[in-house]
Amino acid sequence: MEFELQAAVYRYMQAQAALLAMVSGVYDHVPQNERGEPAVAFPYVTIGEDVITNNDCDTHYGVDATLTIHVWSRSEGRAECKRVQGAIRTALQAAQLDVAGWVVDATHMLQSSSHMDPDGQTRHGVQTIRVTAWQAKERVL
């Protein structure tokens with residue numbers, strides 16, 4: 001489920017023209033140059049950490065998934081970072097995610113924040129998304 005969910009979020013975000021018009025790309029792993037710095041243009045988005053929590057019941061396997069989406073910007077001020085975060089919120093709030101073998105009940109934003117990274121030049125937006133999904137248990141008679 002973990003990989004399938006991340007892949008579904010990635011595919012969905014790649015299909016969002018408004019978001020892609022604002023960033024250089026959406027990544028799981030950002031290409032690096034020989035100095036270990038991002039080899040892509042700012043701003044960009046990364047799909048980050050996730051936590052999958054069991055939510056089974058008698059008739060269904062269930063999960064509550066919390067995913068973290070990161071925005072990276074080098075513009076002055078937080079406006080660019082917050083605009084990209086707004087596009088992500090708009091896209092994912094209405095997401096109809098296609099997760100193989102699962103029915104996704106809901107996708108919604110839990111929280112959003114932005115701050116200056118320790119390098120003193122990178123604005124870093126962090127958004128937490130919650131996804132609930134289930135699949136029917138096979139009945140054994």
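The values are calculated or read from the model by the stated rules, or taken from the named source; none is laboratory data. Worth saying up front: this structure is predicted, and the values here are computed from it rather than measured. With ideal geometry, Cβ positions are generated from the backbone for all residues, glycine too; neighbour counts draw on all protein chains shown. Side chains are part of the model used for accessible areas, which takes the heavy atoms of the whole protein and leaves out ligands, DNA and RNA. Shrake-Rupley method; radii C 1.70, N 1.55, O 1.52, S 1.80 Å.
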| Residue list for segment 1-36, restricted to those being open to solvent by 60 Å² or more (accessible area, probe 1.4 Å) and of a type in the set (A, V, I, L, M, F, W, C) | Phe3, Ala15, Ala17, Ala18, Ala21, Met22
| Test result for Thr59, open to solvent by 50 Å² or more (accessible area, probe 1.4 Å), over 15 Å from Val131 (Cβ atoms) and hydroxyl-bearing (Ser, Thr, Tyr) | yes
| Restricting attention to segment 37-51, does a residue exist that is farther than 19 Å from Ala18 by Cβ, modelled with pLDDT of 95 or more, open to solvent by 60 Å² or more (accessible area, probe 1.4 Å) and β-branched (Val, Ile, Thr)? | yes
| query | Checking Asp64 against (1) charged (D, E, K, R); (2) open to solvent by less than 60 Å² (accessible area, probe 1.4 Å); (3) not in a strand (DSSP E or B), which single condition isn't satisfied? | reply | (3)
| Out of segment 92-116, which residues are assigned to a loop (DSSP other than H, G, I, E, B) and more than 19 Å from the chain's Cα centre (by Cα)? | Gly101
| Do you know which residues across segment 68-93 are without any contact (Cβ under 8 Å) to a residue 60 or more places away in the chain, open to solvent by 60 Å² or more (accessible area, probe 1.4 Å) and not polar (S, T, N, Q)? | Arg74, Glu76, Arg78, Lys82, Arg89
| query | Taking interchain pairs and intrachain pairs at least six residues apart, which have beta carbon atoms under 7 angstrom, with the first residue in segment 94-114 and in contact (Cβ under 8 Å) with a residue 60 or more places away in the chain and the second open to solvent by 60 Å² or more (accessible area, probe 1.4 Å)? | reply | Val99/Glu4; Ala100/Glu4; Trp102/Trp134
